[in-house]
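Visitor: First the structure, which I've put down as structure tokens, then a few questions once you've had a look.
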Amino acid sequence: QSMAEGNEVNDHEMAEEQNGEAMDTENKCKELSDYGLNESVVLKLEELFENGKLSFSELDERALEALKEFPVDGALSVLKEFMDSSLEHVSNKSAYLCGIMKTYRQKTKMGAPSVTNKGPDEEKIKAILDRTGYSLDVTTGQRKYGGPPPDWDKAPPGSGCEVFVGKIPKSIFEDELIPNRGYAFITYCTRDAAQAAVRQLDNYEIKSGKHLKVNVSVPNLRLFVGNIPKSKSKEEIFEEFGKLSVGLTEVIIYSSPDDKRKNRGFCFLEYESHKAASLAKRKLGTGRTKVWGCDIIVDWADPQEEPDQETMSKILYARNLTADLTEEKLKEMFEEFGKIERVKKIKDYAFIHFAERDSAVSAMDSANGKQFGGTTIEVSLAKPPSDKKKKEEVLRNRERRMMQTLGRGGM
């Protein structure tokens, strides 16, 4: 008898709990309807709540607003794709849902059919994560595998350690590749390792007829900021933008040709990382941030490409050359040290491009300070070019675009 009574009590408690959950779901659905969501969309969300794919608290205002503005058929398609997605490594489900909506809009605009890849084999992904100790973070339009190695205790790798890999088949995921939107960025611990990856993997046939494109990635750390007061100094600009953004490391200004004490009405802000620069651009470029009472213009600066060190280390710069030392004669002179790819002579100096670094170094050691054609020539490894003319042209174009945007001729 007492056992039967106990079962009755348990059944009663379970029934009450289920009734409570049903009431809770009903209240949430009413709240969504009151928010202005279509009834069909609310029912689809209810289905997501019930199967545990999404909770009411994980829906933020941005996602709700986007769903409300979305066409009903489109919203239902998006929610179905969300339901079919693997969300195991998704940290922000609202942002992920917004990402699906954005992709859906783009595909609809282009008239492209909405095709969803099945995704990776989760068991294989789990095995990779367990084996390597790395993490996997899935956010809007991005799958990020890795981070510092588990035992890494050094500073983060700097510029030149990241390589860009393009033309990846979109059906390949971490379980085959380790990520995938048809391209990836892979950060190595050293520049040498990144250069080795480029040499070995560029044009690599990853699948039959599918060749990778691999090159060293140049992270953009700089922002262009226009419409600042011309009277402000570099120090004042650094102090002001240092308060408004995180990770600012440098401010670059150019003096006005008419008055060296004034800037040209724009500056470049350099940040410690691309992520810091991206966050600063997002914050400063909203149109709501005024600096010294001015509506500023914020855009990415042109990336500062560093010359390929490996290439530069194979080029010699020779100066003090006489007129009779032609490109052909120079090639003959230096060929004894190794294979020469090309020679370019300009006035009294020349660049000699060797196929191998050792050949270039050997030629430099042997030829520097020697007499050729009655004169002593100087030979050294070539320095990266600094194209001042090109830089000035870029700056002038920036100024013109800024003035067009402002619709007036200055401040």
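The values are calculated or read from the model by the stated rules, or taken from the named source; none is laboratory data. Please read all numbers here as calculations on a predicted model, not as lab measurements. Because the Cβ atoms are built from the backbone with ideal geometry, glycine has one as well, and the counts that use them run over all protein chains shown.
Visitor: Quick check: anything in the range 237-254 among the polar types (S, T, N, Q), in contact with an Asp or Glu (Cβ under 9 Å, 6 or more places away or on another chain) and loosely packed, with under 15 Cβ neighbours inside 10 Å? First the steps, then the outcome.
Guide: Here is the first cut: in the range 237-254, the residues among the polar types (S, T, N, Q) are 245, 249.
Then drop every residue that is not in contact with an Asp or Glu (Cβ under 9 Å, 6 or more places away or on another chain), which leaves 249.
Filter again for loosely packed, with under 15 Cβ neighbours inside 10 Å, leaving 249.
The answer is yes, given that some residue of the range 237-254 is among the polar types (S, T, N, Q), in contact with an Asp or Glu (Cβ under 9 Å, 6 or more places away or on another chain) and loosely packed, with under 15 Cβ neighbours inside 10 Å.
Visitor: Another question, then. Here's a check for you: in the range 190-240, which residue that is in a helix (DSSP H, G or I) and in contact with a helix residue (DSSP H, G or I) (Cβ under 8 Å, 6 or more places away or on another chain) is nearest to residue 285 (Cα to Cα)?
Guide: If we take residues in the range 190-240 being in a helix (DSSP H, G or I) and in contact with a helix residue (DSSP H, G or I) (Cβ under 8 Å, 6 or more places away or on another chain), then 191 is nearest to residue 285 (Cα to Cα).
Visitor: Hey, among the residues in the range 182-196 that are under 16 Å from residue 212 (Cβ atoms) and among the aliphatic types (A, V, I, L, M), which one's modelled with the lowest pLDDT?
Guide: 184
Visitor: So which residues in the range 214-227 are within 23 Å of residue 189 (Cβ to Cβ) and touching a strand residue (DSSP E or B) at 6+ places or on another chain (Cβ under 7 Å)?
Guide: As a first pass, look at the range 214-227 and keep what is within 23 Å of residue 189 (Cβ to Cβ): 214-221.
Selection gives 214, 215, 216, 217, 219, 220, 221.
Visitor: Consider only pairs whose beta carbons are under 7 Å apart and that are at least six residues apart or on different chains; among these, list those whose first residue lies in the range 47-74 and is among the aromatic types (Phe, Trp, Tyr) and whose second residue is surrounded by fewer than 14 Cβ atoms within 10 Å (Cβ to Cβ) and outside any helix (DSSP H, G or I).
Guide: What qualifies is 49/55.
Visitor: Right, here's the next one. Just need a number here: residues in the range 23-72 that are farther than 22 Å from residue 106 by Cα, in a helix (DSSP H, G or I) and not acidic (Asp, Glu).
Guide: Summing the residues that are farther than 22 Å from residue 106 by Cα, in a helix (DSSP H, G or I) and not acidic (Asp, Glu) in the range 23-72 gives 18.
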